[in-house]
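Accompanying notes for the structure given below.
The values are calculated or read from the model by the stated rules, or taken from the named source; none is laboratory data. These numbers come from a predicted model, not from an experiment. Note that we place each Cβ from the backbone using ideal geometry, even for glycine, and neighbour counts take in every protein chain shown.
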């Protein structure tokens, strides 16, 4: 068997790649097992630990035997993907281990775990010291993160919290270096967002105060301190620490050691736009659709124009979520940005979208052309040589799309719409794919995610739930959330509470009909 590299990602939802291809680890138990092994590559993990992770409460008497079965299934899945599963997941005394990254050979797959790579790059950053090279290493390490880690495994919450703390410490060190090198304008927005999410973390708030002060906004820096002090007093009952209090006093006296940079001396460095809409935290299934996007949007040397796809389907079937999930999970593929336009919103015009796109590339409003044709030409010029994703959502017609299309071969375009738009496919050679409703198993996975865990479900109830929603993710989410708020957990309970026999309630079938209107 030819050695194929294996990449395991735990800095976000579990992701496995064999070479350039995604490997779908379908079973929840196999996913939990692989995630646990990936947290300690090269080290043995006991069967008891694996049992605790797979069955956080009330493990079955046959748990040890079932762990062995899970290992066999995982090995088979990896082998089917072109990797020697038995050499990757090795047996160790009392348990199993993921072969370490330093145990490769010519006949074995190279294994890379993103959490391990993250820590290795951080070592390089700390060795580099306090210059731009250290910042570059910190950013490279932080770029490995794809979202919240290990959220689907309750027993790995502690490991997830430790990983998140490592990320926050690395980001804090990076931002501190950025400020030392005078890059306060570049990081002030990032610091504001971080402090909003971690309001009691004084080190971050001190960095924000320093950045605001050096940007010339002394009042905002003092306001940041007052807000932090209020939160500490109200939520914890303590006063700010000596370091941030000392910085506050220095700002009051206008004697912060590093000089401020006047606002108009340095223009902010344009950052690539990241405009994709939020994707649901629980995104299930769609492996075939994601593989289609990977294959069709992959650049080719012979390309003379952008790669593009058209996703069509009924309202609520998940076209937008699929496009946003694909793009947000692959930011490295689009280093120059990810742009988004909702063509179906009221008042949507090509002129308005092109004007906004150009403003996003720092074209002043006063310099914008007046006609759609001129705007489109300027937009195409701005995208020349860039590697960028453009998502045009809810396209009502071909004419709404054509003025917004780039011409650069490095760009990728995803268009979504309810109708086939045959003219677009004919004009651009984009590939069209119809997005179908979820099957019953994906519905069950989504229900389990939304209700907080796997529950025994009668096949008839699951079929009824699938029929009631038509496999539409939006309708299913709405039904489940409403039912969970009333204490439901299983498919039968969800159907009962969503439909219900109480006066004024509709049946599940009537609910589905109403939801489709």
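Just so you know, in region 381-401 the residues that are at pLDDT below 90 and either assigned to a helix (DSSP H, G or I) or in contact with a strand residue (DSSP E or B) (Cβ under 6 Å, 6 or more places away or on another chain) (or both) include one that is surrounded by the fewest Cβ atoms within 10 Å (Cβ to Cβ), and it is 381. In region 195-214, is there at least one residue being assigned to a helix (DSSP H, G or I), out of contact with any helix residue (DSSP H, G or I) (no Cβ under 8 Å at 6 or more places or on another chain) and either under 25 Å from residue 12 (Cβ atoms) or in contact (Cβ under 8 Å) with a residue 60 or more places away in the chain (or both)? Yes, some residue in region 195-214 is assigned to a helix (DSSP H, G or I), out of contact with any helix residue (DSSP H, G or I) (no Cβ under 8 Å at 6 or more places or on another chain) and either under 25 Å from residue 12 (Cβ atoms) or in contact (Cβ under 8 Å) with a residue 60 or more places away in the chain (or both). State whether the residues of region 330-337 include one that is under 29 Å from residue 283 (Cα atoms) and surrounded by 19 or more Cβ atoms within 10 Å (Cβ to Cβ). Yes; the residues of region 330-337 include at least one that is under 29 Å from residue 283 (Cα atoms) and surrounded by 19 or more Cβ atoms within 10 Å (Cβ to Cβ). Total residues in region 402-436 satisfying the condition of being assigned to a helix (DSSP H, G or I) and within 18 Å of residue 293 (Cβ to Cβ): the figure is 3. Considering only region 50-70, state which residues are in contact (Cβ under 8 Å) with a residue 24 or more places away in the chain and in contact with a helix residue (DSSP H, G or I) (Cβ under 7 Å, 6 or more places away or on another chain). Those that are in contact (Cβ under 8 Å) with a residue 24 or more places away in the chain and in contact with a helix residue (DSSP H, G or I) (Cβ under 7 Å, 6 or more places away or on another chain): 50, 52, 53, 54, 56, 67, 70. Note on region 25-39: residues that are in contact with a strand residue (DSSP E or B) (Cβ under 8 Å, 6 or more places away or on another chain) and under 18 Å from residue 286 (Cα atoms) amount to 1.
Residue-level check: of (1) assigned to a helix (DSSP H, G or I); (2) modelled with pLDDT under 90, residue 159 misses just (2). Here residue 305 does not fit the description of being closer than 22 Å to residue 379 by Cβ, assigned to a helix (DSSP H, G or I) and in contact (Cβ under 8 Å) with a residue 24 or more places away in the chain.
Whether a residue is touching a strand residue (DSSP E or B) at 6+ places or on another chain (Cβ under 9 Å), farther than 24 Å from residue 290 by Cβ and surrounded by fewer than 16 Cβ atoms within 10 Å (Cβ to Cβ) was assessed, and residue 91 passes this test. Considering region 119-150, and only residues there that are assigned to a loop (DSSP other than H, G, I, E, B) and closer than 21 Å to residue 182 by Cα, the residue that is modelled with the highest pLDDT turns out to be 131. Quick one: which of 407, 384 is within 17 Å of residue 354 (Cβ to Cβ) and in contact with a helix residue (DSSP H, G or I) (Cβ under 9 Å, 6 or more places away or on another chain)? 407 is the lone residue from the list that is within 17 Å of residue 354 (Cβ to Cβ) and in contact with a helix residue (DSSP H, G or I) (Cβ under 9 Å, 6 or more places away or on another chain). Whether any residue in region 429-442 is buried (at least 19 other Cβ atoms within 10 Å of the Cβ), touching a residue at least 40 places away in the same chain (Cβ under 8 Å) and closer than 25 Å to residue 303 by Cα is what I want to check. Taking every residue of region 429-442 in turn, at least one turns out to be buried (at least 19 other Cβ atoms within 10 Å of the Cβ), touching a residue at least 40 places away in the same chain (Cβ under 8 Å) and closer than 25 Å to residue 303 by Cα. How many of the residues making up region 336-371 are under 27 Å from the mean Cα position of the chain (by Cα) and not in a loop (DSSP other than H, G, I, E, B)? Number of matching residues: 12.
Residues in region 227-247 that are surrounded by 12 or more Cβ atoms within 10 Å (Cβ to Cβ) and either under 35 Å from the mean Cα position of the chain (by Cα) or under 16 Å from residue 200 (Cβ atoms) (or both): 227, 228, 229, 231, 232, 233, 240, 241, 244, 245.
Within region 446-468, is even one residue in contact with a strand residue (DSSP E or B) (Cβ under 7 Å, 6 or more places away or on another chain), part of a helix (DSSP H, G or I), buried (at least 19 other Cβ atoms within 10 Å of the Cβ) and modelled with pLDDT of 80 or more?
no
Would you confirm whether any residue within region 387-395 is in the same structural domain as residue 349 (by TED's automatic domain parsing), in contact (Cβ under 8 Å) with a residue 24 or more places away in the chain, within 25 Å of the chain's Cα centre (by Cα) and on the phi > 0 side of the Ramachandran plot?
For region 387-395, residues in the same structural domain as residue 349 (by TED's automatic domain parsing), in contact (Cβ under 8 Å) with a residue 24 or more places away in the chain, within 25 Å of the chain's Cα centre (by Cα) and on the phi > 0 side of the Ramachandran plot: present.
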